[in-house]
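The structure appears below as structure tokens.
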Amino acid sequence: MHAQDKDTDKTRGRAGAAGPAARAAAPGAGRLQVLQRAAGNAAVARAVAEQRRESAEVQAEENVQRVTNGVTPVQRAAADGTKESASPVVSGAPVIQRAVWTYNASTRTHDVMGGQRSGVWQEDGNPQHIATSAQLGAGAQAHHGDKYDDATGRHFGSGNVAFSQRGAIPDTPQAHRDGTAYKEREAHVRQALVETKRRLATAITMVSASAAPSGRVLDALRSGFPGFQRATPQQIQPLLAHVAEVLRRIQTGLDAEGAQIALAGETAWYDLGALGSNQANVAGWVAPTVGERLNPHDKKSEKLPTMDAGREGAINLRSLGENVWYIVHEATHRFAGTLDYQYSPYEHELNEDRADVGTAQTLGWSQQKLEEYSADRLGKRVARDADQYTGQDESAHPAKQLNWYAMGPRALMNADSYAQFVVVATGGTLPRR
Ligand SMILES: [Zn+2]
């Protein structure tokens, strides 16, 4: 949140980047499941294939980026552990497959002197392949669940973040089994944070290219910032510096030593910084400044708010917000001054797509028939004039969707625009257009 007229970020049925269990709880999911059951596994298989293809595209983009940077895909660090020794690709040199490693702290053992040996890094997909932090050049401060990317030499960790508890969180044996106790929630958010950092790094690379955007990054830009639908790649290109600046600020903020994340439970009535957060659908919030409370930004205006809003304190997350989508969303409030001009209709649109594809599968339609059937829905996913924006974050369909497509340049300082951009640019499903 941060917002002036409301203090918390609500999911309103959206699962964001949460898992399938959360998605299944979305409105209309029951009907979709019936359709999918009727359609057999074909629609599901297609969706899975699409996700795989998207991941491959992101990987391909990263590889292209690396080649243009002239850096070897995998150049293991020299003995001194620095990455500066990575040498340019030499023609004819063998290409080593990229490897991602995950830190396993549970292998730590106490030796006879009472000292502690460190854990080990295990290669993803090949856990018998282990390495120490020194061998990888990953730095000594690894925390359980951290990731190390061989190709970029980057360590994505959660060890810098100070976690805390806000309000009452159940601590019963049942809560530990359900994963709703503090300890399990912190472990889960650490994983989500590491995943957020990896995706952020990829997204920043994608918007830092010197050429006009194309392919996946262009699609993701037009998805998160719908006004870009009306602009050519050449017109979008100069605005990428702004997008990159916001993303770099949240990357810096999340990487800072002592960055704060508070896991919120039932907060007390006298916790004034958490007012309104006990409603069931609240995902997270960041406290606004006193100045913002007294003098709210006029959201109807197309004049963008400052990135230097001066907000302080923790990113507060409730269980619904413990995923990549909301960590990006709240981090843009905390570190880059964004507002909630409009929440995204992303989950609503994905539900429409699943239902339409399921119907087409059930009835054996051609691609053309599906397009005719979906034309009305897709026709509503079109950028509208920015003066149609209502001046407030609409909570219900269809006003929500209409308002999203009418944000115009405001989207450049809209929290959910960055969450959607990062998620879909790095492999999340794009709504059809
Ligand atoms: Zn928000």
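Taken together, the values in this text are just the output of simple stated rules run on the coordinates, not laboratory data. Please read all numbers here as calculations on a predicted model, not as lab measurements. Glycine also receives a Cβ, built like all others from the backbone with ideal geometry; neighbour counts cover every protein chain displayed.
Quick one: which residues, 5+ away or cross-chain, put their amide H under 5 Å from the amide H of VAL120? H built at 1.01 Å from N.
Correct list: ASN104, THR107.
Pairs LYS300/LYS400; LYS147/LYS197; LYS197/LYS299: which exceed 21 Å Cα-Cα?
LYS197/LYS299
Ordered by residue, what ³J(HN,Hα) values in Hz, to whole numbers, does segment 128-134 give under the Karplus form 6.51 cos²θ - 1.76 cosθ + 1.60, where θ = phi - 60° and Gly and Pro are x?
So the Karplus estimates, Gly and Pro as x, are 6, 7, 10, 8, 8, 4, 5 Hz.
Give a residue-ordered list of calculated ³J(HN,Hα) values for segment 279-289 (Karplus: 6.51 cos²θ - 1.76 cosθ + 1.60, θ = phi - 60°; whole Hz; x for Gly, Pro).
5, 4, 9, 7, 9, x, 6, 10, 5, x, 6
What are the ³J(HN,Hα) couplings of segment 175-184, residue after residue, when phi is run through the Karplus curve with 6.51, -1.76, 1.60 and θ = phi - 60°? Round to Hz, x for glycine and proline.
Listing the rounded values in order: 4, 5, 5, 6, x, 9, 6, 4, 4, 5 Hz.
I'd like the FRET efficiency for THR107 and ASP271, computed as 1/(1 + (r/R0)^6) with the beta carbon distance as r and R0 of 41 Å, rounded to 0.05.
Computed FRET efficiency for THR107 and ASP271 comes out at 0.55.
In what sequence, highest mean first, do 243-255, 260-272 appear when ranked by Cβ atoms within 10 angstrom?
243-255, 260-272
By average Cβ neighbour count within 10 Å, what is the ranking of 215-224, 172-181 from highest down?
Going from most to least packed, we get 215-224, 172-181.
Please sort 337-348, 196-207 by packing, taking for each peptide the average over its residues of neighbouring beta carbons within 10 angstrom, highest first.
Taking the mean over residues of other Cβ atoms within 10 Å, the ranking is 337-348, 196-207.
How much length would be gained if the chain were fully extended between ASP255 and HIS397, taking 0.36 nm per residue of separation minus their Cα-Cα distance, in nm to one decimal?
Using 0.36 nm per residue and subtracting the Cα-Cα distance, I get 47.5 nm.
Which FRET efficiency, nearest 0.05, do GLU245 and THR172 yield, Cβ-Cβ r, R0 51 Å?
0.70
Pick out, from GLN368, LEU304, GLY337, the residue whose Cα sits farthest towards the positive end of the charge dipole of segment 234-386, with +1 on the Cβ of Lys and Arg and -1 on the Cβ of Asp and Glu.
Value: LEU304.
If amide H atoms are built 1.01 Å from N in the plane of the peptide, which residues on other chains or at least 5 residues away come under 5 Å of the amide H of ALA181?
Close amide H contacts, sequence-distant or interchain: HIS176.
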